[in-house]
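Below is one structure, written out as C-alpha cells; the observations come after it.
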Amino acid sequence: MTWPAVPLRRLVVCLDGRRVPLNREQRSDMQGDVPYWGAGGILDSVDTALFDEPLVLLGEDGAPFFTPGKDVAYYVEGPSWINNHIHALRPDSVDGRYLAYALNSVDYANYITGATRDKLTQDDLKKIEVWNPPTDEQRRIADFLDTETTRIDTLTNARKWQLSCLEQLWQARLAAKTEELLAAHGMISLRRMVTSVEQGWSPQCEDVETSPSEWAVLKTSAVSTGTFVPTEHKRLPSDIKPDFRYRITDGDILLTRGSGSPAHVGVAVVAHTEGRKLLLSDLLYRVRIDHDWSPEFVTLMLSSPPVRSFMSLLFRGQSGQTIKLRSEDVKAIDIPAAPVGIQAGIARQLEITRSGIRRTQQAIRRSLTLFAERRQALITAAVTGQFDVSTASGRNVTDNLPEPEGVTP
C-alpha cells in the first residue's frame with residue numbers, strides 16, 4: 001500500500017501555549033483524579049484540568065526517543081493537565097489514535113537537538129512526516145493496534161509481576177536466614193570488624209567504556225543494583241595519572257554513599273574486577289574488614305531486610321533530596337554475629353538460592369525484550385502499510401515466544 005507522507009504541521013494544532021508545569025509541592029496541594037502528564041507519561045494526578053478534549057501528546061525533552069519499545073507519544077481523551085515537557089497537539093485532519101501510533105514509529109534522529117538532554121522543538125516537531133492513509137483506514141489501523149498492543153501489554157505486565165514476585169521471594173529467604181542467625185548468635189557492630197571506611201576520587205572523566213588495559217572510575221550504578229557491574233564506569237583521561245590508593249581489588253566491599261532514593265543508599269556488593277583497572281569514586285565507600293570475616297557473608301547481611309531496616313534509621317536527608325550514609329554511621333550498623341567458621345558456607349547457600357532466582361529473572365527479562373521488539377515491529381508495519389490490517393489477525397506477534405523456565409503466565 002502506498003500512502004502520502006505528510007508533515008505534522010498539516011495534521012495538528014499545537015496547544016503548547018496552554019501548558020503549565022507544577023512542582024511537587026504544588027501538586028501535593030491539588031491531589032485529585034485528573035492525570036498530570038509529562039515526558040515520561042502520567043506523573044501524578046491533580047484536581048483541576050487544563051484540557052478536556054482528545055489530544056496527542058508527544059515528548060518535548062527527556063522522552064525516550066531512542067529507547068526501543070518505549071512510547072514517546074500518547075493519545076488521551078477527557079480531562080488532563082499537561083506540563084511543559086511534553087507537546088500538546090490537537091488532531092485536526094487525522095485520527096488521534098492512529099497519529100499516536102505513527103509518532104511512536106518515527107526515527108527521531110533527524111529531529112532531536114540538545115547536547116546533554118534530548119529535545120524536540122516545536123519547529124522540528126512540525127517537520128516530522130508520517131504516512132497519511134484515508135481516515136477510514138487510519139481507524140482500522142488504530143482499532144487493530146489497540147487490540148494487539150493490549151494483548152502484548154497484558155503479557156508484559158504479567159512478566160513484570162513475576163519479576164516482582166521473584167524479588168520478594170529472594171528478600172523473604174534472605175530475611176528468614178538473617179533472623180535465624182540473629183536469634184542463634186546475636187548481633188555485632190561493623191565497628192568490631194571494620195579496619196577502614198574510605199571514599200574515593202572523582203576527577204573529570206569520559207563517559208565511555210574502557211578496554212581492560214585502560215583506567216576507569218566506577219559509577220554509582222556499578223554498585224546500586226546490588227550486583228557488581230565492572231563495566232559501569234567512566235574512562236580516566238590519558239593525561240590524568242591514576243591514584244593507586246583507590247584501585248579496586250577483587251574481594252573489596254563497596255557501599256553506595258548517597259542517592260535521591262533510600263533504596264539506593266547503603267547498597268553493598270563484593271567487587272569482582274574481571275581484570276579491569278578500576279578506581280573508587282567519591283560516591284562510593286570501600287569497607288575493609290578483618291581478614292577472618294567473609295566479605296560475601298557481610299554484604300549479604302547488609303542487603304537483608306532486617307539490617308537495611310535498621311540502616312535506614314542512620315540515613316541523613318529527606319526524600320527528594322540527596323540521602324546520605326556517613327562513614328561513621330556505616331560502622332554503627334549491626335549484623336548477625338555468626339561464627340567466622342560458618343560464614344562462607346552460609347554465603348554459598350544463599351548465593352545458590354539467589355542464582356536460581358536470578359536465572360529465572362533473566363529468562364523473564366529476555367521475554368520482555370522480545371515482547372517490546374514485537375510490539376514495535378507491529379506498530380511500524382501497520383502504520384507504514386506493510387500489511388492489510390483488515391485481513392491480518394496479528395496473533396503471530398506473541399505466538400511462539402519462549403516461556404521462562406519454571407514460570408507460567
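The values are calculated or read from the model by the stated rules, or taken from the named source; none is laboratory data. Values in this document were obtained by computation on a predicted structure and should not be read as measured data. Because the Cβ atoms are built from the backbone with ideal geometry, glycine has one as well, and the counts that use them run over all protein chains shown.
Checking the condition under 24 Å from the mean Cα position of the chain (by Cα), closer than 19 Å to Thr384 by Cβ and aromatic (Phe, Trp, Tyr), which residue from Tyr75, Tyr111 passes?
Tyr75
State whether the residues of the stretch 182-189 include one that is modelled with pLDDT of 95 or more, closer than 30 Å to Lys219 by Cα and either out of contact with any helix residue (DSSP H, G or I) (no Cβ under 8 Å at 6 or more places or on another chain) or surrounded by fewer than 19 Cβ atoms within 10 Å (Cβ to Cβ) (or both).
Scanning the stretch 182-189, I find at least one residue that is modelled with pLDDT of 95 or more, closer than 30 Å to Lys219 by Cα and either out of contact with any helix residue (DSSP H, G or I) (no Cβ under 8 Å at 6 or more places or on another chain) or surrounded by fewer than 19 Cβ atoms within 10 Å (Cβ to Cβ) (or both), so the answer is yes.
Anything in the stretch 297-323 that is touching a strand residue (DSSP E or B) at 6+ places or on another chain (Cβ under 7 Å) and under 21 Å from Ser221 (Cβ atoms)? List them, or say none.
Within the stretch 297-323, Thr299, Leu302, Ser303, Phe315, Gly317, Thr322, Ile323 meet the criteria.
Please give the number of the condition Ala73 fails out of (1) crowded, with 16+ Cβ neighbours inside 10 Å; (2) small (Gly, Ala, Ser); (3) at pLDDT below 95.
(3)
Which of the residues spanning the stretch 225-271 are more than 29 Å from Asp292 (Cβ to Cβ), in contact with a strand residue (DSSP E or B) (Cβ under 8 Å, 6 or more places away or on another chain) and polar (S, T, N, Q)?
Residues satisfying the conditions are Ser259, Ser261.
Just checking, how many residues over the stretch 190-201 are closer than 19 Å to Arg308 by Cα and either assigned to a strand (DSSP E or B) or not aliphatic (A, V, I, L, M) (or both)?
Total meeting the criteria: 4.
Out of (1) assigned to a strand (DSSP E or B); (2) closer than 24 Å to Ser312 by Cβ, what's the single condition that is false for Ala216?
So Ala216 meets the others, but not (2).
Checking the structure you have, find out if any residue of the stretch 139-147 is without any contact (Cβ under 8 Å) to a residue 60 or more places away in the chain, of a type outside the set (Phe, Trp, Tyr) and loosely packed, with under 12 Cβ neighbours inside 10 Å.
no
Could you check the stretch 12-33 and list, in sequence order, the residues that are among the charged types (D, E, K, R) and in a helix (DSSP H, G or I)?
Asp16, Arg18, Arg24, Glu25, Arg27
Find the residue count for the stretch 1-15, including only residues that are charged (D, E, K, R) and surrounded by 15 or more Cβ atoms within 10 Å (Cβ to Cβ).
So the count comes out to 1.
Rundown of residues vs (1) assigned to a helix (DSSP H, G or I); (2) free of Cβ contacts under 8 Å to residues at least 40 places away in the same chain; (3) of a type outside the set (Ser, Thr, Tyr), yes/no style:
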residue: Leu155; (1), (2), (3): yes, no, yes
residue: Arg159; (1), (2), (3): yes, no, yes
residue: Cys165; (1), (2), (3): yes, yes, yes
residue: Leu169; (1), (2), (3): yes, no, yes
residue: Arg173; (1), (2), (3): yes, no, yes
residue: Ala176; (1), (2), (3): yes, yes, yes
residue: Glu179; (1), (2), (3): yes, no, yes
residue: Leu182; (1), (2), (3): yes, no, yes
residue: Ile188; (1), (2), (3): no, no, yes
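For the stretch 112-123: of the residues being over 19 Å from Gly40 (Cβ atoms) and out of contact with any strand residue (DSSP E or B) (no Cβ under 7 Å at 6 or more places or on another chain), which is surrounded by the fewest Cβ atoms within 10 Å (Cβ to Cβ)?
Ala115
Might you check whether a residue that is under 21 Å from the mean Cα position of the chain (by Cα), modelled with pLDDT under 95 and not β-branched (Val, Ile, Thr) occurs anywhere in the stretch 282-291?
yes
Pick out the one residue from Pro54, Pro68 that is touching a helix residue (DSSP H, G or I) at 6+ places or on another chain (Cβ under 7 Å), at pLDDT 95 or above and surrounded by fewer than 19 Cβ atoms within 10 Å (Cβ to Cβ).
Unique residue meeting the criteria: Pro54.
Examine the stretch 205-218 for a residue that is at pLDDT 95 or above, touching a helix residue (DSSP H, G or I) at 6+ places or on another chain (Cβ under 9 Å) and not aromatic (Phe, Trp, Tyr), and state whether such a residue exists.
yes
Please state which one of Pro295, Pro262 is modelled with pLDDT under 95 and closer than 30 Å to Ala338 by Cα.
Only one candidate qualifies: Pro262.
From the set of residues in the stretch 216-248 that are of a type in the set (Asp, Glu) and more than 23 Å from the chain's Cα centre (by Cα), which is farthest from Glu198 (Cα to Cα)?
Residue satisfying both the conditions and the ranking: Asp239.
Which one is farthest from Asn23 (Cα to Cα) among residues in the stretch 70-117 that are in contact with a Gly (Cβ under 7 Å, 6 or more places away or on another chain) and of a type outside the set (Phe, Trp, Tyr)?
Among residues in the stretch 70-117 that are in contact with a Gly (Cβ under 7 Å, 6 or more places away or on another chain) and of a type outside the set (Phe, Trp, Tyr), the one farthest from Asn23 (Cα to Cα) is Val72.
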